[in-house]
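Okay, so here's the structure we're looking at.
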Amino acid sequence: MPSLLRARAFTLQDPPPESWCFSKLMVIIVLLLLILLVTGIYFFLRNQFAAKKQRLEQLLSIRAADLIAEKDKTDALLANVLPKNTAEEIKSTGKAAKVKYNFVTVLFSDIQGFTRIAEEMNPEVLIDELDKFFFHFDSVVDKYKIEKIKTIGDAYMCAGGIPEKDRANPVKVILAAMEMQNYMGKLKAESVSGGSKYWDIRIGIHTGTVIAGVVGQKKLSYDIWGDTVNTASRMESSGEPGKINISGTTYEFVKDFFDCKHRGRMPVKYKGEVDMYFVEGIVPELRNESGLPNDMFLFRMQLIRLEDVEEAVIRLFTDDAPPNLYFHNLTMAKSIVAQVELICRSEQVPEKTFFVLKLASLFLITGYITDYENPEAASLSFMDEILPRYSLDAELVNESRLLIRNSYNEIYNTMADRILHDARYEYLGRNDYIRLSDRLLKERTEHGLEIGKEGWEETQKQLLERHEFLTETARLLRSVSIQEQTDALKAHNK
């Protein structure tokens, strides 16, 4: 019995058995469940956030695309109302400056007897007809890269030579006028044969100086002002139905391209008497069987554009050439071009050869502006950059590029190669050779090509000894012999 009591007492002193809910296993399970729960909530929230972010990005993308589309529409609308450079100026600065252009050809046209027609015709039909005419005129103006200015009732006004300068603009404006005239003539013939009423137009053209710019604040309008505009309007009102009436000024710029009939000096309001001409067509040697411009006409147009290219190259030297181009500068570039022109005339080269040579001579040393060590590639790059805006014949441009490559690689296979060579090295036979040689040495030294006075004298001596002019004209134009130049070089470097 006592032992039983002792056993019971012992049992009463032991800790009570552990509950299953507080066991280690249960705690681990609970912890794992909590971790799984938190993880699940985290991934759920993350997925929700990612989904919302994706939806927001899609909405932003759609909105951005809508904004871009609206901007494109606005830009296109602005481009239809204003010239590109004027539109860009307004977008960047909020306004556009007035610009003076010294060589612009203005065209006015209007419907003969429009007031009478308007009184007799249904207004809706009238507007539809006008819209059809002006739509075609717009396409013609676009074709010749002429700037449409505005329409006022039945009057249509456009101008060549703005906003981009273009010396060929009088010829282009008359070509556009002839297309407008032909279009209206066909419509007239169809109407007459059908026994219906027809429309007829008068066209007036004048060339001179204008001021161009944007007027208005809320409703922008591109317009031009000046005596040239007024005179063009007088040319139109003084003309005849179905005829293109041009001023004596415009005639002087286009007389080599078009047959024109002199009307005499005609009275013009506020202007006194002014010479006027009716344009009757393209001169025979410059038109094809259909009376349209032939290849020679188009080539002569490119000869005129070549003057615009020359002006662009001059601006390139003036604006971008570094100050340490003492030799390969604008003066030398002009000298090379002048020599090419002189030798071409003397050697009586064909017109197309002259064109190719002059174009090559314009760009020959432009490469020194940006890449003194590889001017050939840089010159060709300038051609790629500048020439596209002038719509020159691609084949002629490629021939000019080949001449430049040949010149830098001393390849003189053709007469054109030899003429460009003689123009480039013409300075070797001039009285001021020593001064130019010093300039070239100074230029090379400042571009890291220093060889010292003695080394320079030796290279120049070798150049003089192996050099010879390749055309008869250049040989005749040499002022100083090779021996005289060599002696002068030695004396100068002592």
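Running Debye on the stretch 343-437 with equal point scatterers at the Cα sites and no solvent, what base-10 log of I(q)/I(0) appears at q = 0.11, 0.24 Å⁻¹? Here the Debye-derived log intensity ratios amount to -0.33, -1.29. The Rg/Rh ratio for the stretch 171-212, using Cα coordinates for both the radius of gyration and the Kirkwood hydrodynamic radius, is 1.18.
Full extension of the chain between ILE411 and VAL125 gives 96.2 nm of extra length, using 0.36 nm per residue less the Cα-Cα distance. When +1 charges are put on Lys and Arg Cβ atoms and -1 charges on Asp and Glu Cβ atoms, the dipole computed for the stretch 265-304 relative to its Cα centre reaches about 280 debye. With neighbour counts taken as other beta-carbon atoms within 10 Å, the residues LEU330, LEU420 rank, fewest first, as LEU330, LEU420. Dipole of the stretch 84-293 computed with +1 at Lys/Arg Cβ and -1 at Asp/Glu Cβ about the Cα centre; of SER290, HIS206, SER109, farthest Cα towards the positive end is HIS206. From the largest down, the chain spans 158, 94, 41 angstrom on the principal axes of its Cα atoms.
Dividing the summed -39500 (n - 2.57) terms of all DSSP H runs of n ≥ 4 by the residue count of the chain sets its mean residue ellipticity at 222 nm at -19500 deg cm²/dmol. As a proxy for reagent exposure, ranking TYR198, TYR144 by other Cβ atoms within 10 Å from fewest up yields TYR198, TYR144. Which entries of LYS172/LYS255; LYS71/LYS100; LYS100/LYS172; LYS98/LYS271; LYS255/LYS334; LYS150/LYS172 show an alpha-carbon separation above 22 angstrom in the structure shown? Distance filter (> 22 Å) returns LYS71/LYS100; LYS98/LYS271; LYS255/LYS334. Rounded to the nearest 20, the Cβ-based charge dipole of the stretch 251-355 about its Cα centre (Lys and Arg +1, Asp and Glu -1) stands at 380 debye. Which is farthest toward the positive dipole end of the chain among VAL141, SER247, ILE224, measuring Cα position about the Cα centre, with Cβ charges +1 (Lys, Arg) and -1 (Asp, Glu)? Farthest towards the positive end: ILE224.
Annotation for the stretch 224-271 versus the stretch 377-455: alpha-carbon center distance of 45 Å. A full extension of the chain between GLU385 and LYS461 corresponds to an added length of 23.6 nm, given 0.36 nm per residue minus the alpha carbon distance. About its Cα centre, the chain has a charge dipole of approximately 1920 debye under the convention of +1 per Lys or Arg Cβ and -1 per Asp or Glu Cβ, with nothing else charged. Our Cα-only numbers for the stretch 198-275 put the radius of gyration and Dmax at 14.6, 46 Å.
Sort out for me the Cα centre separation of the stretch 132-185 from the stretch 25-62, rounded to whole Å. After rounding, the separation between the Cα centres reads 67 Å. Each Lys or Arg adds one and each Asp or Glu takes one away; over the other residues whose Cβ falls under 14 Å from the Cβ of PHE258, this sums to 0. Near LYS271: Cβ cut-off under 9 Å, other residues only, Lys/Arg at +1 and Asp/Glu at -1. The net charge is 0.
Scaled against 2.2 N^0.38 Å for its residue count N, the alpha carbon radius of gyration of the stretch 84-293 is 1.05.
Size descriptor for the stretch 297-492, Kirkwood hydrodynamic radius: 17.4 Å (Cα pairs only, one decimal).
Read the figures in this text as sums done on the coordinates, not as results from a lab. None of the values given here were measured: they were computed from a predicted structure. Ideal geometry is used to build each Cβ from the backbone, glycine not excepted, and the neighbour counts take in all protein chains shown.
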